[in-house]
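**Student:** Below: one structure in structure tokens.
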Amino acid sequence: MYARLVAMAAVASAACAPLGANSSAGSEKLLMSGSGHIMIGSFDAQAKSLKIDLDKTVSGAPTWLALAKPNLLYAVDENSDTTSLFNVDLEAKKLDLKTSVKGSTGVVHLELARDGSRMLGAAYGSSAIDVYDTSSGGLKFVKAVPSNDSLGPVKERQEKPHPHQAVLDPSGRFFAVNDLGTDRILVVDSKDDSFQVVNHVPVSPAGCGPRHGAFLPAGASASQATHYLVLCEIKNVVNVFSLRYGGAKGIDFFLEQTISTFPSATPAKAAAGELAISPDSKDVYVSNRLTGAATDNIAHFRITKPPSDNGALIKLELVASTSTGGTLPRMFSFSRDGRTLFVGNTGKGDLAVVALQRNADGTLVEKPVASIASSAFPGGVGPAYIQPVA
């Protein structure tokens, strides 16, 4: 069931040792959520256990969360125009609603500014980018920035603009907003609290449907990013852009590579979901959904550089695909030490959540370190959101 679906290259036995195998990680808390529920979970690497500690029933569909440490939790309701703020106590396993505000309908992603005083919401359902005032531990709707570029050619999926995610760049000034409906990345400049779109970056091929992306290097290890990688849901490809800061557009994007998330033919109904870069900036992972197989998978790409490269260019190489033990893996995330990948399966299947261990070479161990059965979740489907937080 957990057999590797694709193996592109053999690896040395030393490279197959689990990442950090000689040092044991402690327990960490996870936030999980889906329609009508927000959960606090825990993972213990030594005990190889993964469990739900709190299942809180809430209104709406909180399919994306944003934590402002230590105790403020923001949640979307992708089925309405409401965004909510909760007080959360991870140690005591408590969650209480503090306030809710009205904004655009269908917000599916939240991204906090570096200082926590502002937050952007990608309003997939209403073709907008919401700006919230989150200063002083509060939540106030400020404005909606419209997304109004020309539409992509796939009429049933690109009938209007669909901002899907806002990603803060390492400088803390710009947000990259992936718009599935317009085949664009919108660069939003937050300088002087303006939050205006200063660049409209085309994403190819036409009808690709940009969904989620990430800046490279990962985390805040640099003051500026060198690259931006964006995953396209409709065409199931990853676009790699090199970046140049400065000028009226804030950040200029230059396409370097387009690569499929599958090693051969793409399944007819496939819809790629999440993209994440490993904390060491050496590997990229993508969730492949609706593959037609008994279980869907996580595709692993290695970041390589051409031999003659001066360090500016990168290239992705598809290495392998590993089963998630279930279907429709909408989101996944790394443990804080980068050794484990937590995956939520939002479709029917045996496993709702799996913890996959990373080898030293970035490949994923075939059998999960720990898992939670689908029967433990409401409706038998796993979380849309899953993120280690403490």
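The values are calculated or read from the model by the stated rules, or taken from the named source; none is laboratory data. Keep in mind that what you see is a predicted model, and the values were worked out from it rather than measured. Positions of Cβ are generated from backbone atoms using ideal geometry, with glycine treated the same way; all protein chains shown enter the neighbour counts. When the accessible area is computed, the model is the full protein with side chains, heavy atoms only, and any ligands, DNA or RNA have been set aside. Shrake-Rupley method; radii C 1.70, N 1.55, O 1.52, S 1.80 Å.
**Student:** List the number of the failed condition for Asn148; all other conditions in (1) within 19 Å of the chain's Cα centre (by Cα); (2) open to solvent by 40 Å² or more (accessible area, probe 1.4 Å); (3) not small (Gly, Ala, Ser) hold.
**Tutor:** (1)
**Student:** If you take just the strands (runs of 3 or more DSSP E) that sit entirely in region 320-390, which of them hold at least 2 residues that are among the small types (Gly, Ala, Ser), modelled with pLDDT of 95 or more and out of contact with any helix residue (DSSP H, G or I) (no Cβ under 8 Å at 6 or more places or on another chain)?
**Tutor:** Passing ranges, in order: 370-373.
**Student:** While we're on this one: Taking region 164-194, which residues are among the charged types (D, E, K, R), assigned to a strand (DSSP E or B) and more than 20 Å from Glu274 (Cα to Cα)?
**Tutor:** Asp189, the sole residue that qualifies.
**Student:** Among the residues of region 262-269, is there at least one that is open to solvent by less than 30 Å² (accessible area, probe 1.4 Å) and in a strand (DSSP E or B)?
**Tutor:** Checked region 262-269: no residue is open to solvent by less than 30 Å² (accessible area, probe 1.4 Å) and in a strand (DSSP E or B).
**Student:** Can I ask one more? Which count do you get for residues in region 341-362 that are open to solvent by 10 Å² or more (accessible area, probe 1.4 Å) and touching a Lys or Arg at 6+ places or on another chain (Cβ under 9 Å)?
**Tutor:** Residues in region 341-362 being open to solvent by 10 Å² or more (accessible area, probe 1.4 Å) and touching a Lys or Arg at 6+ places or on another chain (Cβ under 9 Å): 3 in total.
**Student:** For a quick check of your reading of the model, give me the residue pairs whose first member lies in region 234-254 and is at positive phi, whose second is of a type outside the set (Val, Ile, Thr) and at pLDDT 95 or above, with beta-carbon atoms closer than 6 Å and at least 6 apart or on different chains.
**Tutor:** Asn236/Ala270; Asn236/Ala272; Gly250/Phe174; Gly250/Asp189; Gly250/Asn199
**Student:** List, please: which pairs have Cβ atoms under 9 Å, are six or more places apart or on different chains, and start with a residue in region 366-377 that is in contact (Cβ under 8 Å) with a residue 60 or more places away in the chain and end with one that is in a helix (DSSP H, G or I) and exposed (fewer than 15 other Cβ atoms within 10 Å of the Cβ)?
**Tutor:** Listed by first residue and then by second, the contacts come to nothing, as the list is empty.
**Student:** Restricted to region 72-124, and to residues that are of a type in the set (S, T, N, Q) and outside any strand (DSSP E or B), which residue is most open to solvent (accessible area, probe 1.4 Å)?
**Tutor:** My answer is Asn79.
**Student:** Right, another one. What are the residues in region 219-261 that are over 13 Å from Ile314 (Cβ atoms), touching a Ser or Thr at 6+ places or on another chain (Cβ under 6 Å) and surrounded by 19 or more Cβ atoms within 10 Å (Cβ to Cβ), if any?
**Tutor:** Asn236, Val237
**Student:** Regarding Ala47, is this residue open to solvent by less than 10 Å² (accessible area, probe 1.4 Å) and either part of a loop (DSSP other than H, G, I, E, B) or at positive phi (or both)? Working first, answer last.
**Tutor:** Numbers: open to solvent by less than 10 Å² (accessible area, probe 1.4 Å): no; either part of a loop (DSSP other than H, G, I, E, B) or at positive phi (or both): yes.
For Ala47, the condition - open to solvent by less than 10 Å² (accessible area, probe 1.4 Å) and either part of a loop (DSSP other than H, G, I, E, B) or at positive phi (or both) - is not met.
**Student:** Quick check on my filter: what residues within region 283-305 are open to solvent by 50 Å² or more (accessible area, probe 1.4 Å) and modelled with pLDDT under 95? Lay out the reasoning, then the answer.
**Tutor:** Within region 283-305, the subset open to solvent by 50 Å² or more (accessible area, probe 1.4 Å) is 290, 292-294, 302, 305.
Selection gives Lys305 alone.
**Student:** Of everything in region 50-67 that's of a type in the set (Gly, Ala, Ser) and assigned to a loop (DSSP other than H, G, I, E, B), which residue is least open to solvent (accessible area, probe 1.4 Å)?
**Tutor:** Ala61
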